[in-house]
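The values are calculated or read from the model by the stated rules, or taken from the named source; none is laboratory data. Computed from a predicted model, the values in this text were never measured in an experiment. Positions of Cβ are generated from backbone atoms using ideal geometry, with glycine treated the same way; all protein chains shown enter the neighbour counts. Side chains are part of the model used for accessible areas, which takes the heavy atoms of the whole protein and leaves out ligands, DNA and RNA. Shrake-Rupley method; radii C 1.70, N 1.55, O 1.52, S 1.80 Å.
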Amino acid sequence: MRGAVRWLDARFGLARLLHGQLKKAFPAHWSFLLGEIALFSFIVLVFTGIYLTLFYEASGEMIVYDGVYEPLVGTSMSRAYASVIELSFRDHLGLLVRQTHHWAALVFVAAIVLHLARVFFTGAFRNPREINWMVGVTMLLLAVVNGYFGYSLVDDVLAGMGGHIVNSGLLSIPVVGPWLASALFGGEFPSLATIPRFFVFHVLIIPVTLGVLIAVHLAIVWKQKHTQFPERGVSESTLYGPKLWPSYAARSMALFFFVSATLVALGGLIQIHAVWMTGPFLPGLVSSPLHPDWYLGWIEGANRILPPLDFTLFGYLVPSLFFSSVLLPGVTLLLLYAWPFIEARFTGDYDTHHVLDRPSERPVRTAIGAAALTFYTLLFVAASADVVSVATAIDVQTVMQAFRFIVVLGPVAAGATTYLILSGDKEAQPT
Amino acid sequence: MAALATSILASVAFVGAMFLGRSTPLLGSALAVALAAIGVALVSWANDVFPPSIRWENREPLESTSSERTAFMSDFGAPGRFTTRRRLLGGLLAGALVGVVSGLILSLRSLFRGGVEPLLTTSWATGTRLATTDDEPIHVDTLSEGGTITAFPEGKTDAFDSTVILVRVASGALPPDHREGSPEGYIAYSKLCTHAGCPVGLYDPDAGLLTCPCHHSAFQVLDHARPTGGPAGRPLPRLLLSVDDEGFLVAAADFDRPVGPGFWEGTRS
């Protein structure tokens, strides 16, 4: 190997270039791996996605099915749906790849959310990392949107209902609603232009943007160095950890293999989005119960429990769907982006921080975080109001009414309890 | 240990490579074990082969020193010659860039097709026969009391916005203000929920309720589909019916207001 490495070194100056970088120290804590899990899920998404792109037909044109899956032969469906059926049943590898892809998407968003929570509760978003926080929030948004486009592409009844709801959400926007809706869907929903348009976003525009943002995100962490918990003499000016090579790199690569192994196991063993059961998206068809992928559950929960608050403004209609499906996510996103600046304003602390907070030492922030998590989790549960209704034998309207109270009282209780517990047993108040 | 892990990997990778029509769970498990075994090998390699290589590092302050900043400004600061017209030039350049970018963004207007007009009409007209999803015209004898069926304009069973939910109630159960347009107890409403557009597919004949499975909006069939529960704020538009000479159900007119979810101009039809 000496010869080959010398050959490369003569062309790139590798020894000089890499020496400093390969001995870089990386603070190690299990919770710092959550971002890596997201990254590795993204890599699995790209590889499985490339396979699917080779076999998927991005066309909404209606045909009569005549392929390998007997129970659907003779049924009217779109070319897109037919191609998903074909790749799922023509050989067993296709179904493994599609299910792994869908599971990877769920895990991708989950890992991002957990990583965001870790960064939030430890105050890692503070100066100098505000921009990286905003890059991260952008990636969360893109991951969620791309997940929605992804499961819409299969064009089954579940995808169709998601389309109805997003279309209605856009329509509900005052003044520009119908224009935005027809821009996204390529005309009045559902339109033949919808699937090809979603496909371009799902396969090209968003993944490339995510790739660029991931590179920026990692470059910033590399340059600013990772934060660290206060332990063993760590300070604002010193950190310690395993060196990049070989320890840290070996562990990261091992994590990649464990993550991809888990995703492939999920894809092989646990059925997900069995499109042949819901059937193709056709007029008038609907199924029950209906739920989106988990990361959209909070919006669906809000859509269900928000009472009809429709009102007219000078003769123009503002439907209540606007509040639950546009305003709520919009305000959530805005608060997420602005949080580093909001907190700095309120604490008066604009200093650089490389040392992390332990959540127990920051009662206010931790309480706010607990309240927020409770709020969104309760909304998520509300999206299964019909399942709760069946399980408890209480009629669904009463269940939804109960959730209207729980969703307001729960977060207040969670926040207050967290604050009282944490401010009670601290020795010193932070300034 | 590393050797053990790599040998598991080797043998299982072979099973994983057996795409000889083997089932998805088997393929998935095999590949998963192969991948995981590599991970185990890497971890034991890192733990056993290398000594713990912890290193302490200093964090240099990220901000440039004042001499670095001075050096930067002296190399790249604005040259004196253009000082007087700098603002004008800068503004014009910004204007030019905004102009080009706006032009490019506005060219995306070809993405917008339709806007409001398509939302205001459906494929229904006076005299259009109601048909099933298989395009069979619906006769007065088709449903019995308590029955329900999805209907479309005859010949247009692919028209999403024209989907109708047809129910038949006992003629005696019809309230006086419902008698017109409900021949033989047949009542027709747009099937698109006025909340978020999902088909309102759940019918409870005893309670006289049409419920939408998406967000549980409930509409009172015998009261012009007035919403009585859930998040819907507006009743389902009603399709008034009559019967033609051969006994088939026909529409007496198009819906009296836009179907589906609400939008800004939705109150004007």
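Show me the trypsin sites (Lys or Arg not before Pro) within the range B:111-207 that DSSP assigns to loop and that have at most 11 other Cβ atoms within 10 Å of their Cβ.
On the way: sites: B:Arg113, B:Arg129, B:Lys156, B:Arg168, B:Arg179, B:Lys191; in loops: B:Arg113, B:Lys156, B:Arg179, B:Lys191.
Here the sparse-neighbourhood loop sites are B:Arg179.
Using a 10 Å cut-off on Cβ atoms, rank the peptides A:308-316, B:62-70 from the highest mean neighbour count down. Provide the component values of the computation, followed by the final result.
Values: A:308-316: 12.6, B:62-70: 10.1.
Packing proxy ranking, top to bottom: A:308-316, B:62-70.
Quick query: amide H of B:Tyr203 versus all other amide H atoms, modeled in the peptide plane; which residues come in under 5 Å with a sequence gap of 5 or more or a different chain?
Answer set, sorted by chain and number: B:Thr211.
Just give the residues from the range B:220-260 buried by at least 20 square angstrom of accessible area in the all-chains context relative to the isolated chain, probe 1.4 Å, and say none if nothing qualifies.
By number: B:Gly230, B:Pro231, B:Gly233, B:Arg234.
If you average 1/r across every pair of different Cα atoms in the range A:99-213 and take the reciprocal, what Kirkwood value do you get, in Å?
Numbers: mean 1/r = 0.0636 Å⁻¹.
One over the average 1/r among Cα pairs gives 15.7 Å for the range A:99-213.
If you fit an axis through the alpha-carbon atoms of helix B:24-44 and take the longest principal axis of the Cα set of chain B, what angle between them do you get, 0 to 90°, nearest 10?
The helix B:24-44 is inclined about 20 degrees to chain B.
Am I reading the A/B interface right? What is its buried accessible area, both sides, 1.4 Å probe, to the nearest 100 Å²? Mind showing how you got there, number by number?
Working: alone 23070 and 17970 Å², together 34140 Å².
Chain pair A/B: roughly 6900 Å² of buried accessible area.
With the cut-off at 24 Å, report for the range A:231-375 the share of all Cα pairs above it, as a whole percent. Don't skip to the answer; put the middle values down first.
On the way: 6940 of 10440 pairs.
Tail fraction, whole percent: 66.
When the dipole is taken about the Cα centre of the range A:1-118, and only Lys, Arg (+1) and Asp, Glu (-1) are charged at their Cβ, what size is it in debye, to the nearest 20? Display every interim value, and only then the final one.
Numbers: 10 positive and 8 negative charges, 232 e Å.
For the range A:1-118, the charge dipole is close to 1120 debye.
At a 1.4 Å probe, what is the % contribution of carbon and sulfur to the accessible area of chain B?
Working: 8650 of 14370 Å².
The C+S portion of the solvent-accessible surface of chain B is 60 percent.
Which of the helices in chain A, when you take each full DSSP H run, stretch at least 24 Å along the axis at their Cα atoms and have an average Kyte-Doolittle score of 0.0 or higher? If you can, show how the numbers build up before the last one.
Details: long enough: A:34-55 (32 Å, 2.10); A:92-121 (43 Å, 1.28); A:130-153 (35 Å, 1.18); A:206-224 (27 Å, 1.64); A:249-269 (30 Å, 1.68); A:328-347 (26 Å, 1.09); A:363-382 (28 Å, 1.45); A:396-424 (40 Å, 1.30).
Helices passing the filter in chain A: A:34-55, A:92-121, A:130-153, A:206-224, A:249-269, A:328-347, A:363-382, A:396-424.
Quick one: plug the Kirkwood hydrodynamic radius of the range A:307-431 (C-alpha pairs) into Stokes-Einstein at 10 °C, 1.306 mPa s, and report D in µm²/s.
Values: Rh = 17.5 Å.
This corresponds to a translational diffusion coefficient of 91 µm²/s.
Classify the range B:205-269: rounded, prolate or oblate, from the alpha-carbon gyration tensor (a ≥ b ≥ c, eigenvalue square roots; a/c under 1.5 rounded; otherwise prolate if a/b is larger than b/c)?
Working: a/c = 2.85, a/b = 1.32, b/c = 2.16.
Note, shape of the range B:205-269 comes out oblate.
If each Cα of chain B is one equal point scatterer, what is log10 of I(q)/I(0) from the Debye formula at q = 0.07 Å⁻¹?
-0.64
If one takes the longest principal axis of the Cα atoms in chain B, at what angle in degrees, from 0 to 90 and to the nearest 10, does the Cα axis of helix B:66-76 lie?
Between helix and principal axis, roughly 70 degrees.
Shielding of A:83-95 by partners, i.e. mean partner chain Cβ atoms within 10 Å per residue?
On the way: counts 0, 0, 0, 0, 0, 1, 0, 0, 5, 10, 7, 1, 5.
Mean number of neighbouring Cβ atoms from other chains: 2.
Kindly state, to the nearest 0.05, the FRET efficiency for A:Val387 paired with A:Leu333, given R0 = 35 Å and r defined as their beta-carbon distance. Show your work: numbers first, answer last.
Working: r = 28 Å, r/R0 = 0.79.
About 0.80, to the nearest 0.05.
Could you go through the range B:97-108 in sequence order and give the Karplus-derived ³J(HN,Hα) for each residue, using 6.51 cos²θ - 1.76 cosθ + 1.60 with θ = phi - 60°, rounded to whole Hz, and x for Gly and Pro?
So the Karplus estimates, Gly and Pro as x, are 5, 4, x, 5, 5, 4, x, 5, 5, 5, 5, 6 Hz.
Under the definition of partner shielding as Cβ atoms of other protein chains within 10 Å of a residue Cβ, what is the mean value for peptide A:249-260?
6
I'm checking a number: the convex hull volume of the Cα atoms of the range B:170-255, normalised per residue, in Å³. What is it? Intermediate results must be reported in sequence, preceding the final value.
Values: hull volume 8.2 nm³, N = 86.
In the range B:170-255, the Cα hull volume divided by residue count equals 95 Å³.
Keeping all protein chains in place, calculate the accessible area per residue for the range B:65-212 (probe 1.4 angstrom), answer in Å². Intermediate values should be presented prior to the final figure.
On the way: 8510 Å² over 148 residues.
Heavy-atom accessible area per residue stands at 57 Å².
Amide H to amide H under 5 Å from B:Arg59: which residues, 5+ apart in sequence or cross-chain, H placed 1.01 Å off N in plane?
A:Thr238, A:Leu239
Can you work out the accessible area per residue across the range A:249-299, with the rest of the protein chains kept in place, probe 1.4 Å, in square angstrom?
On the way: 1950 Å² over 51 residues.
Using a 1.4 Å probe on heavy atoms only, each residue of the range A:249-299 averages 38 Å².
After finding the eigenvalues of the alpha carbon gyration tensor for the protein assembly as shown, what semi-axes result from the square roots of 5 times each, listed largest first in whole Å?
Details: eigenvalues 555, 203, 143 Å².
Equivalent ellipsoid of the protein assembly as shown: 53, 32, 27 Å, largest first.
Within the protein assembly as shown, how many Lys pairs sit with Cα atoms under 21 Å apart, leaving out pairs fewer than 8 places apart on the same chain?
9
Per residue of B:187-195, count partner chain C-beta atoms within 10 Å of its C-beta, then hand back the mean as an integer. Could you put the intermediate results ahead of the total?
Details: counts 0, 0, 0, 0, 3, 4, 4, 5, 13.
If you average over the peptide's residues, the count of other-chain Cβ atoms is 3.
Highest mean first, what order results for B:157-166, A:243-252 on Cβ atoms within 10 Å? Please report the intermediate quantities before stating the final value.
Values: B:157-166: 22.5, A:243-252: 18.4.
For the peptides B:157-166, A:243-252, the packing ranking is B:157-166, A:243-252.
Among DSSP beta bridges lying fully in chain A, give the percent that are antiparallel, nearest 5.
Details: 9 of 10 bridges.
Here the share of antiparallel DSSP bridges comes out near 90 percent.
Per residue, how much accessible area does the range A:82-225 have with a 1.4 Å probe, in Å²? Provide the component values of the computation, followed by the final result.
On the way: 4700 Å² over 144 residues.
On a per-residue basis, the range A:82-225 sits at 33 Å².
Which three semi-axes in whole Å describe the equivalent ellipsoid of the range A:151-224, each the square root of 5 times a Cα gyration tensor eigenvalue, listed largest first? Show your work: numbers first, answer last.
Details: eigenvalues 187, 49, 24 Å².
Equivalent ellipsoid of the range A:151-224: 31, 16, 11 Å, largest first.
Relative to the first principal axis of the alpha-carbon coordinates of chain B, what is the inclination of helix B:2-16, with its axis defined by its Cα atoms, in degrees from 0 to 90 and to the nearest 10?
30 degrees
Test of the criteria: in the range A:186-261, which GluC sites (Glu not before Pro) are in a DSSP loop and have at most 12 other Cβ atoms within 10 angstrom of their Cβ?
Values: sites: A:Glu188, A:Glu231, A:Glu236; in loops: A:Glu188, A:Glu231, A:Glu236.
In loop regions of the range A:186-261 (DSSP not H, G, I, E or B), the sparsely surrounded GluC sites (Glu not before Pro) are A:Glu231.
Taking the alpha carbon gyration tensor of the range A:354-403, what are the square roots of 5 times its eigenvalues, largest first, to the nearest whole Å? Spell out each step's value before the answer.
Details: eigenvalues 248, 16, 11 Å².
Those come to 35, 9, 7 Å.
Keeping the other protein chains in place, figure out the carbon and sulfur percent of the accessible area of the range A:303-431, with a 1.4 Å probe. Mind showing how you got there, number by number?
Details: 5110 of 7080 Å².
Reported share for carbon and sulfur atoms: 72 percent.
Check B:Ser182: other-chain or 5+ apart residues with amide H under 5 Å from its amide H, H built from backbone geometry?
Residues meeting the criterion, in which the H sits 1.01 Å from N, are B:Leu241.
Quick one: grab Rg to one decimal and Dmax as a whole number for the range A:334-373, Cα atoms only, in Å.
For the range A:334-373, the Cα-based Rg and Dmax read 10.7, 27 Å.
Could you name every residue in the range B:109-131 that has 50 Å² or more less accessible surface in the full protein assembly than in its own chain alone (probe 1.4 Å, ligands and nucleic acids excluded)?
Checking the loss per residue gives B:Leu111, B:Phe112, B:Arg113, B:Gly115, B:Leu119.
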